[in-house]
Every structure is written in C-alpha cells, then in structure tokens.
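Visitor: Here it is, the structure, as structure tokens.
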Amino acid sequence: MTATDTPDPEDSTSSAAPSGAAPAVAPVRGTGLRLAYDQRVVVDGLDVEIPAGSFTVIVGPNGCGKSTLLRALGRTLTPRAGHVDLYGEPLASLGNKQIARMLALLPQTPVAPEAITVRDLVGRGRYAYQTLLRQWSASDGVAVRAAMEATGTTDLADRKVSELSGGQRQRVWIAMVLAQDTDLLLLDEPTTFLDITHQVDVLDLCAQMHREGRTLVAVLHDLNLAARYATHMIAMRDGEVVATGTPHEVVTAEGVEEIFGLRCRIITDPESETPLVVPLVTR
C-alpha cells in the first residue's frame with residue numbers, strides 16, 4: 001500500500017471492540033427505536049441497553065417484538081427511526097465485515113446450503129477475516145477446530161448438516177458463530193423445536209460461553225429456563241420494555257401477570273435457586 005492509498009474499512013483487521021477486550025461502553029444500545037414490517041409498526045420509541053458481560057434474555061408473549069428487537073440490534077432490520085450503537089459506534093456507519101468481527105447473530109431458523117458439511121459450515125464463521133490479500137490461514141483452522149471442540153461437534157465434521165438431528169444442527173450453528181470469534185453473540189430462540197434435553201444442552205453451552213467472558217443476548221419463550229440461565233432480563237409486552245433487571249427482579253408473581261396475563265406463584269428452583277413460575281389452577 002502506498003502513502004496515498006486509503007485503507008478499506010471492510011478489510012481492516014481492527015474494530016471498536018477487539019476480541020477479548022473489555023468494552024468501556026455498553027456492547028449494544030438502541031435509542032428511540034421505531035421498528036416495522038411494511039406498514040405494521042411493532043416497536044415505537046423503544047430504548048434498550050445490554051449490560052457488558054451479561055447473559056441477557058429477552059422474554060415476553062408472542063408478537064411482543066422480541067425477535068424484531070434482536071434483528072434490529074444485529075442490523076438485519078433497519079429502524080424506521082432511532083438508532084443502534086455498537087460499542088459506542090453508530091451501527092449504520094459500520095461495514096459488514098467490521099460488524100461481523102464485533103457481533104455474531106444466530107437467526108431463529110438458519111438455513112444451511114444444500115449438501116454442505118459441518119466443517120465447511122463452521123468455517124463460514126471466518127468470513128469476516130477473509131480479504132483479497134488474506135484468504136484461509138492457519139489461524140482460521142485453529143478457530144474452527146476450537147469452536148467445534150467447544151460445542152462437541154468435532155466427530156460430526158465430515159457429515160452433511162442436512163443429516164443431523166435438531167440438537168446436533170443447533171450445536172453446529174453455535175459452533176459457526178463461535179468461530180466468528182466475537183465478544184457479543186445474539187441468539188434468536190436458540191431452543192426452538194428442541195426437546196427439553198436438547199434445550200438444556202444448548203443453554204448450558206450458552207452459559208459456558210458467557211462464563212468465558214462473552215456478552216450474550218438471547219430470545220427465549222420458556223420463562224423458567226430464562227430465569228435459570230440469565231444474569232439480566234428484559235421483559236417486553238406490546239412492543240414496549242416493561243421490566244428489566246435480574247431474574248429475581250423481573251420474574252415476580254405481579255410481573256408475570258402483568259406481562260403474560262398469567263396468575264402464578266413464584267417458588268425457588270431447588271437446583272439453581274432462581275425464580276420458578278408455577279401457574280395457578282383455574283378450574
């Protein structure tokens with residue numbers, strides 16, 4: 001590169017929050033968000049902030065805007081108004097590869113290319129580090145192997161993704177976002193369509209990623225699992241945030257009735273000592 005050349009921000013290996021760094025600001029923050037699909041407004045005037053180093057779980061009834069909010073935080077949905085900041089930088093001003101080095105997003109129903117193997121799919125998590133001058137390297141191979149080892153998918157490496165069970169596939173997708181090597185992970189309903197054993201398996205894996213220092217944001221439907229794994233919760237209803245805080249602060253009998261319209265008792269989970277929702281008998 002000559003002195004007159006201008007670096008391409010898409011190919012820069014630097015980012016506002018390099019992997020392993022402790023950010024001085026909230027990893028992701030939304031301000032005055034107005035989110036809509038065509039003419040249907042789902043969220044309007046919403047402010048939200050994800051605490052650094054948290055395992056944040058977004059909960060709420062169907063259609064309240066949970067997944068819509070997550071899509072906006074991951075820049076797969078552009079706000080009609082307001083803005084999202086990623087480590088203090090306007091998300092809209094960042095290039096795709098810059099964002100991919102700063103956050104990894106696992107959508108609700110990801111689709112794998114036909115006939116792709118597990119190894120190749122996990123390798124796609126290294127896209128953000130490929131440039132015209134830097135193609136696949138030894139460090140990429142190390143990252144892929146580490147991600148597969150962490151998710152218990154090494155023995156699946158040469159199998160086609162289409163041949164796997166639901167639980168195996170979800171672990172492979174999580175391996176792909178791990179290979180992306182970011183400090184911030186957004187997971188949209190990662191336990192959908194899984195039986196209870198595989199739900200716990202996936203959430204245990206998420207908890208391990210959190211213990212390793214990552215910030216996680218997940219949308220979950222099961223309030224008891226959310227309370228067990230989250231360090232921070234955001235409760236939504238009708239496109240608004242109605243409660244935030246620890247599971248003990250959010251999952252109360254009054255809060256559950258306000259958010260879900262469900263009368264319940266809250267007891268202490270004997271295993272995790274987190275709140276456990278017990279619906280009241282109505283008949």
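No lab work stands behind these numbers, since they all come straight from the coordinates. Every value quoted in this text rests on a predicted model; they were computed, and no experiment measured them. Reconstructed Cβ throughout: ideal geometry from the backbone, glycine too, with neighbour counts over all protein chains shown.
Visitor: Using a Gaussian network model of the chain with C-alpha springs under 10 Å, which one of THR246, THR151, THR231 is most mobile by mean-square fluctuation?
Guide: In the Gaussian network model the winner is THR246.
Visitor: Gaussian network model of the chain, Cα springs within a sub-10 Å range: biggest mean-square fluctuation belongs to which of GLY245, GLY32, GLY261?
Guide: GLY261
Visitor: Continuing with this model, one more query. Full extension from THR197 to GLU114: what is 0.36 nm times the residue separation minus their Cα-Cα distance, to one decimal in nm?
Guide: Working: separation 83, 0.36 × 83 = 29.88 nm, distance 2.75 nm.
Separation in residues times 0.36 nm, less the Cα-Cα distance, equals 27.1 nm.
Visitor: Given a cut-off of under 8 Å on Cα pairs at least six residues apart, what relative contact order in percent is computed for the chain?
Guide: Rounded, it is 23 percent for the chain.
Visitor: Output ³J(HN,Hα) for region 55-67: one whole-Hz value per residue in order, computed from phi by the Karplus curve 6.51 cos²θ - 1.76 cosθ + 1.60 with θ = phi - 60°, and x for Gly and Pro.
Guide: 3J(HN,Hα) across region 55-67, in whole Hz: 10, 8, 10, 9, 10, x, x, 4, x, 7, x, 4, 5.
Visitor: By how many degrees, 0 to 90 and rounded to 10, does the Cα axis of helix 196-211 deviate from the longest principal axis of the chain?
Guide: On a 0 to 90 degree scale, this one is about 60.
Visitor: If I build a Gaussian network model for the chain, linking alpha-carbon pairs within less than 10 angstrom, which residue out of CYS264, CYS206, CYS64 has the largest mean-square fluctuation?
Guide: Maximum fluctuation in the GNM of the chain, among the listed residues, is at CYS264.
Visitor: Going by the alpha-carbon gyration tensor, a ≥ b ≥ c the square roots of its eigenvalues, is region 30-81 rounded (a/c under 1.5) or, if a/c is not under 1.5, prolate (a/b greater than b/c) versus oblate?
Guide: prolate
Visitor: If contacts are Cα pairs under 8 angstrom and at least 6 residues apart, what is the relative contact order of region 135-283 in percent? If you can, show how the numbers build up before the last one.
Guide: Numbers: 167 pairs, mean separation 21.1, N = 149.
It rounds to 14 percent for region 135-283.
Visitor: How would TYR37, TYR129 line up from fewest to most surrounding beta-carbon atoms within 10 angstrom?
Guide: Values: TYR37 9, TYR129 21.
Fewest to most other Cβ atoms nearby, the residues stand as TYR37, TYR129.
Visitor: Additional query: Among the chymotrypsin sites (Phe, Trp or Tyr not before Pro) in region 171-241, which ones are in a DSSP loop with at most 15 other Cβ atoms within 10 Å of the Cβ? Mind listing them?
Guide: Here the chymotrypsin sites (Phe, Trp or Tyr not before Pro) that fit, given the DSSP loop and packing criteria, are PHE193.
Visitor: Whole-Hz Karplus ³J(HN,Hα) for region 172-189, in order, using 6.51 cos²θ - 1.76 cosθ + 1.60 and θ = phi - 60°, x for Gly and Pro?
Guide: With coefficients 6.51, -1.76 and 1.60, one gets 5, 4, 5, 4, 4, 6, 5, 4, 5, 6, 10, 8, 10, 10, 10, 10, 9, 6 Hz.
Visitor: Okay, next question. Using Cα-Cα distances under 8 Å and only pairs 6 or more residues apart, what relative contact order does region 179-228 have, in percent?
Guide: Answer for region 179-228 is 52 percent.
Visitor: Let me make sure I get this right: for region 103-204, a, b and c are the square roots of the gyration tensor eigenvalues over alpha carbons, sorted descending. Under 1.5 in a/c it's rounded, otherwise prolate if a/b > b/c, else oblate. Which is it?
Guide: On the way: a/c = 1.83, a/b = 1.51, b/c = 1.21.
Here region 103-204 falls in the prolate category.
Visitor: May I pose another question? Report, to the nearest 10°, how far helix 138-150 tilts away from the longest principal axis of the Cα atoms in the chain, using its own Cα long axis and a range of 0 to 90°.
Guide: 20 degrees
Visitor: Right, another one. Nothing charged except the Cβ atoms of Lys and Arg (+1) and of Asp and Glu (-1): what's the magnitude of the dipole of the chain about its Cα centre? Round to the nearest 20 debye.
Guide: Magnitude of the dipole: close to 340 debye.
Visitor: Take ARG211 and GLU149, extend 7 Å from each Cα along the Cα→Cβ direction, and tell me the distance between the two endpoints in nm.
Guide: With each label placed 7 Å out from Cα toward Cβ, I get 1.7 nm.
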